[in-house]
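The values are calculated or read from the model by the stated rules, or taken from the named source; none is laboratory data. Note that this is a predicted model, so its numbers are computed, not measured. Quick reminder, even Gly has a Cβ in these numbers, built from the backbone with ideal geometry, and neighbours come from all protein chains shown. Please note that ligands, DNA and RNA were not included when accessible areas were found on the heavy atoms of the full protein model with its side chains. Shrake-Rupley method; radii C 1.70, N 1.55, O 1.52, S 1.80 Å.
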Amino acid sequence: MQWGNGADITVPGDYDGDGRTDVAVFRPANGTWFIVKSSTRTAIGVQWGNGADVPVPGDYDGDGKTDLAVYRPSGGTWFIRQSSTGYATSVSFQWGLSSDIPVPNAPIAYALVPLAASAPGIRFPRKYTRVALLA
């Protein structure tokens, strides 16, 4: 199956909650997510983000479905569109610096190695424990 174009970023996840990974891409040119739901084999397109954003899909609201999420390095801000509301609501929070690398769904029990020896380490936000940044 061909899905997307050469500039798209693959963002597989279980967007429909059926326990199977759905084929999905994020198109930076217009900030659109294109998803083929495995449960129905139907395709959807949802605009969320812009060309400077880094897609960081994950189940941030704990409903068993992948949420649409982007990290905006310019302000160190995470923008999450919640699957638990049919993507009708969103949350955002500032966590990070422009030089940080987002690590969605990072397990807390595992150590992550900073990219540089001089990096101060890994920071975890208090409320969103499934998000980490390599500093």
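Six or more apart or on different chains, Cβ under 9 Å: which pairs go from a residue in segment 4-17 that's more than 19 Å from Tyr60 (Cβ to Cβ) and touching a residue at least 24 places away in the same chain (Cβ under 8 Å) to one that's open to solvent by 20 Å² or more (accessible area, probe 1.4 Å) and among the small types (Gly, Ala, Ser)? Could you list them?
Sorted first by the residue in segment 4-17, then by its partner, the pairs are Asp8/Ala29.
Restricting the search to segment 90-105, which residues are of a type in the set (S, T, N, Q) and open to solvent by 60 Å² or more (accessible area, probe 1.4 Å)?
The answer is Ser90, Ser92, Gln94, Ser98, Ser99.
Within segment 45-71, work out how many residues are hydrophobic (A, V, I, L, M, F, W, C), open to solvent by less than 50 Å² (accessible area, probe 1.4 Å) and either assigned to a loop (DSSP other than H, G, I, E, B) or without any contact (Cβ under 8 Å) to a residue 12 or more places away in the chain (or both).
Counting residues in segment 45-71 that are hydrophobic (A, V, I, L, M, F, W, C), open to solvent by less than 50 Å² (accessible area, probe 1.4 Å) and either assigned to a loop (DSSP other than H, G, I, E, B) or without any contact (Cβ under 8 Å) to a residue 12 or more places away in the chain (or both) gives 2.
For residues that are of a type outside the set (A, V, I, L, M, F, W, C) and open to solvent by 20 Å² or more (accessible area, probe 1.4 Å), scanning just segment 18-31, find the one that is farthest from Tyr60 (Cα to Cα).
Result: Asn30.
Considering only residues that are part of a loop (DSSP other than H, G, I, E, B) and touching a Lys or Arg at 6+ places or on another chain (Cβ under 9 Å), look in segment 32-44 and name the one that is least open to solvent (accessible area, probe 1.4 Å).
Ser38
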